[in-house]
Amino acid sequence: MSAAAAAAAVAPVYGLVLAGGRSTRMGRDKAALAYGGGTPQLERAMALLAPHVERAFVSVRAEQSAEPLRARFAQILDTHENLGPIAGILAAQARHPQAAWLVLACDLPLLDAATLEHLLRSRAPQRAATAYRSSHDRLPEPLCAIYEPHARETLTAYVAAGRDCPRNFLLGADTLLIDEPSPRALDNVNTPTEYGNAMSTVIRRAPSSPDT
């Protein structure tokens, strides 16, 4: 295949923010948490993602679809129950099987545009997925990763075999792993303590107001 033909065969990238979790450890909806400026985390994640993909969606459970925050965005409803994040990926692949999916968790308050841009520049369409290697444990980060269309069959078989961990899927798949350009960008927030720590970091990084 010529280079031009290979380029033409590269799938478009769609975006998916996973917001279907139950937030049991946090005790309140993580998608609605704000980290400065009053912007809910889901809104911030969608605003960060949308400029980098052809179309962007929010992944939700059916009973969440009418919730006011989630209802503001195009949605893809889970078609599997009790599978966690992997249910959202499967539903997105089924809805638009021709697309590659840049999948994000909704609880990444330190994520920045540079991290998404680096992921997209590093994308290897011939592989099943492109993902960051965690700066904490060197394992794949499955919830800031690109899943190619041809990964769908393998992922479906993985779930059919009774498995539901997206990180283990990436470990066993043909995944390109790359290093994070910003070591804390993919720190997620699951508990009130982690929320407080993240809030402190966001406030510390915020530019100071100029003197008037």
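We did not get these values from a lab; they are worked out from the coordinates using the rules stated. Source: prediction; values computed, not measured. When we count neighbours, we look across all protein chains shown, and the Cβ atoms used for this are built from the backbone with ideal geometry, even at glycine.
Observations
- Considering (1) within 20 Å of residue 45 (Cα to Cα); (2) surrounded by fewer than 16 Cβ atoms within 10 Å (Cβ to Cβ); (3) in contact with a Phe, Trp or Tyr (Cβ under 8 Å, 6 or more places away or on another chain); (4) not β-branched (Val, Ile, Thr), the lone condition that residue 121 does not fulfil carries the number (3).
- Of the residues examined, residue 107 is one that is charged (D, E, K, R) and surrounded by 23 or more Cβ atoms within 10 Å (Cβ to Cβ).
- Within region 51-84, considering residues that are surrounded by fewer than 15 Cβ atoms within 10 Å (Cβ to Cβ) and of a type in the set (A, V, I, L, M), the one farthest from residue 102 (Cα to Cα): 66
- Scanning region 64-123 for residues that are assigned to a helix (DSSP H, G or I), within 19 Å of residue 152 (Cβ to Cβ) and polar (S, T, N, Q) yields a count of 1.
- Residue 130 meets the conditions (1) surrounded by 17 or more Cβ atoms within 10 Å (Cβ to Cβ); (2) closer than 18 Å to residue 107 by Cα in every case but one. The failed one is (2).
- Looking across region 159-175, just one residue is within 22 Å of residue 14 (Cα to Cα), part of a helix (DSSP H, G or I), without any contact (Cβ under 8 Å) to a residue 60 or more places away in the chain and not basic (Lys, Arg), and that is 170.
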